[in-house]
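Report on one structure; see the data block that follows.
The values are calculated or read from the model by the stated rules, or taken from the named source; none is laboratory data. Predicted model, so just to flag it, every value in this text is computed and none were measured. Here the Cβ is made from the backbone with ideal geometry for all residues, glycine too, and neighbour counts use every protein chain on show.
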There are 2 protein chains.
Amino acid sequence: MAMAVGARPIKAPGWSGGAHTDLALVDCDVHQTVSKPEALLPYLGRVYRQQATEQGIRFPGSGYFNVANDAARTDLAENCDAPSHDGRQMGTTYERLRDQHLDLWNVDKVLLTGASTYGASILPDPDFAAALCRAFNDWTIEQWLEKDDRLMMALSISTTDPQLAVAEIERLGPDPRVRAVMLPTGNRMPYGNRFYHPIWEACERHGLVVGIHPGNEGAGMAGSPTGVGYPTYYIETRMARPQMAMAHAVSFIAEGVFEKYPGLKVLIDECDQFWAVGLMWHMDADWKSLRDQTPWVKRLPSEYFRAHIRVGSQPMLEPENSAQFFTMLDAMHAEETLVFSSDWPHWDWDDPATTFPKLPERLHRRVFCENARELFGL
Amino acid sequence: MAMAVGARPIKAPGWSGGAHTDLALVDCDVHQTVSKPEALLPYLGRVYRQQATEQGIRFPGSGYFNVANDAARTDLAENCDAPSHDGRQMGTTYERLRDQHLDLWNVDKVLLTGASTYGASILPDPDFAAALCRAFNDWTIEQWLEKDDRLMMALSISTTDPQLAVAEIERLGPDPRVRAVMLPTGNRMPYGNRFYHPIWEACERHGLVVGIHPGNEGAGMAGSPTGVGYPTYYIETRMARPQMAMAHAVSFIAEGVFEKYPGLKVLIDECDQFWAVGLMWHMDADWKSLRDQTPWVKRLPSEYFRAHIRVGSQPMLEPENSAQFFTMLDAMHAEETLVFSSDWPHWDWDDPATTFPKLPERLHRRVFCENARELFGL
């Protein structure tokens, strides 16, 4: 929902953006991004800096169109009058986030979820991938974290070499401003696979949430973005997001990750929400018949989901009527599982005031604040 | 739901299996299967018969376990006391279907959806794949269709060479007992892709429904069964079914298949149902913003879905309460989109009496009879 620069928050049902003393509004998906990958050059070592200077930074691409202005809201895009894509490359700045989001909507805490280095998890060279993640993390700390207490950071890591991901978690995980790691939906294997377990062990040990966000769909080593191969158009890759969310959620549960790391929490952003409903029902029914094949899954799959997986609210689906909407919230146990995410600054972002109909007071507090407070230990 | 051999239908809410004069119960997923692929040898030509005699018929496998007795109900499996898998290979017979399903539940019409040759669509050799489909179709006509007027047939075809699939449709499509073609969910590309359009053209011309049913998940050329690669356990491949259903449904709509072939209808069996709800909401919202990228999609995606796609009821998901169940039926427009499917004879089949709670009279008629009557032109 685009908003004119400088507009004040509108009056809307359920909106509680006024002055308050306690935590009231936590946003679990805000993108800090470099204007172009080469902005990371100063944060890279000599060899990679030279290679990247000579050849550019090459993330595998999918070949699908996206939307103009690198998907940013028109009022937030830099240089969006430039005649070609090259001139329009945009990043976000802390000052713009402060003025156009934090202050405007009176947001108390945001999770910086990055985006610029999601491609690191499908870069063939694990050392270069890890170097890019370190560079982006250092840039984020310098350009963002140190400027505002409202900012929390999700570490950029690459899964290409889990041990290097663990090293980056050891390096920055102790920083109390670091609250999560961030990974793309598109990857070579579902995230419950044992290949990733050293990363989850380190996340649990440092109290970091595992954040998952669309990225890499159909690009490079990630392979096809659906279980039936490569679709043709961008809108189909968007519809693949809930499919990928389902595959990762099932994988965490079926592989017993939450039995192995009982403190681990997962946040799945920007894949819509109501995929969780049918998935929980389907998993529970099948588990009752098939649990002898995965005996380490000791409880109903939906119990693991409700205890360990949180779902970002954006893009909030639009049922045909509010009765359906509230039934879906009820069926997904939104009072436990749903957290507010804006996806600022993208064109399809959700603002905190008008996206939801008026919720019952307790549910409003859970979705806009308490679920995230518990998730991040605020 | 297993049932003792010879038991009579139980009294249950919504059950109307008694004597009637008009069509009342249509079952859109019943499997006729050979006991082993080699049962098709007499229906193959000399060269393939020799090769298959010497080497067996080799469908690509996925490596995932399934369940015992080739997934059949224990009371229907042949030789289920045999000590090893080889001895237990089972097929279904017309007589068993008649006694244990058609007569028992007073079913008026069933769609024979096969299964034995779903792997033909991922066989590398298109001529052998087509020969296997022809053989299975001839076996089905001889062993099943000619024995009972209640049987309708979904043609086995392979997508490996669409022109050979068209040839099979030309050969048997004019037979009024043939009402559909049958394809597996697992394949190299989503089914809206232009590669398949000659098949859809032939289906529309002959009035055949495009049936899609789980099969080939993760096997051979079909590639990984999720958009995030290969999961580890069988239960995860079952959770991938709705994901694959979503990918195919989106593909048909985004590629404009229903604008190009306005008479085409698609039936998606055994992938659960409620994936349709979030998918319609998500597609509609995104289409409003992105429809310039697919201008041949002229109407809301959900309108194409409701007009052209039908969803088999098995396995019927199990919401926490009936209010959720009825809201989901309402949200998926079950009065248009849902058809009863039993998945006979598999262990996780749904019987027509006890799977649903008591439905309102009109909705019951739509789901158990009228939607299928319109789908197949009965």
A:Met239 being free of Cβ contacts under 8 Å to residues at least 40 places away in the same chain, in contact with a helix residue (DSSP H, G or I) (Cβ under 8 Å, 6 or more places away or on another chain), farther than 24 Å from A:Tyr304 by Cα and hydrophobic (A, V, I, L, M, F, W, C): yes
For segment B:268-285, state whether one or more residues are at the interface with chain A (Cβ under 7 Å from one of its Cβ atoms), within 13 Å of the chain's Cα centre (by Cα) and in contact (Cβ under 8 Å) with a residue 12 or more places away in the chain. yes
Residue count, segment A:263-287, condition acidic (Asp, Glu) and either part of a loop (DSSP other than H, G, I, E, B) or surrounded by 24 or more Cβ atoms within 10 Å (Cβ to Cβ) (or both), comes to 3
Those residues that are in a loop (DSSP other than H, G, I, E, B), at negative phi and facing chain A (nearest Cβ under 8 Å), I need them from segment B:211-236; list them, please. B:Glu217, B:Ser224, B:Pro225, B:Gly227, B:Val228, B:Tyr230, B:Pro231, B:Thr232, B:Tyr233
Report yes if B:Leu290 is part of a helix (DSSP H, G or I) and surrounded by 18 or more Cβ atoms within 10 Å (Cβ to Cβ), otherwise no. yes
Answer residue from segment A:307-346, given it is within 14 Å of another protein chain (Cβ to nearest Cβ) and of a type in the set (Phe, Trp, Tyr) and is farthest from A:His213 (Cα to Cα) among those: A:Phe326
Residues in segment A:23-66 that are in a loop (DSSP other than H, G, I, E, B) and closer than 30 Å to A:Tyr233 by Cβ: how many? 17
Residue check for A:Leu375: more than 26 Å from A:Arg73 (Cβ to Cβ) and either part of a strand (DSSP E or B) or in contact with a strand residue (DSSP E or B) (Cβ under 6 Å, 6 or more places away or on another chain) (or both): yes
For the subset of segment B:247-264 comprising residues that are touching a strand residue (DSSP E or B) at 6+ places or on another chain (Cβ under 8 Å) and of a type outside the set (Gly, Ala, Ser), which member is nearest to the other protein chains (Cβ to nearest Cβ)? B:His248
Among the residues that make up segment A:119-142, is at least one of them within 14 Å of another protein chain (Cβ to nearest Cβ), among the hydroxyl-bearing types (Ser, Thr, Tyr) and not in a loop (DSSP other than H, G, I, E, B)? yes
Among the residues of segment A:337-348, is there at least one that is over 27 Å from B:Pro231 (Cα atoms), assigned to a helix (DSSP H, G or I) and in contact (Cβ under 8 Å) with a residue 60 or more places away in the chain? no
Picked from segment A:100-149 (must be buried (at least 21 other Cβ atoms within 10 Å of the Cβ) and at positive phi), the residue modelled with the highest pLDDT is A:Gly114
Restricting the search to segment A:27-43, which residues are surrounded by 19 or more Cβ atoms within 10 Å (Cβ to Cβ) and either of a type in the set (S, T, N, Q) or within 14 Å of the chain's Cα centre (by Cα) (or both)? A:Asp27, A:Cys28, A:Asp29, A:Val30, A:His31, A:Gln32, A:Thr33
Test B:Glu303 against the stated conditions and say whether it is in a helix (DSSP H, G or I), out of contact with any helix residue (DSSP H, G or I) (no Cβ under 6 Å at 6 or more places or on another chain) and within 21 Å of B:Lys265 (Cα to Cα). yes
Would you point out the residue of segment B:237-262, among those that are in a loop (DSSP other than H, G, I, E, B) and touching an Asp or Glu at 6+ places or on another chain (Cβ under 9 Å), that is surrounded by the most Cβ atoms within 10 Å (Cβ to Cβ)? B:Glu255
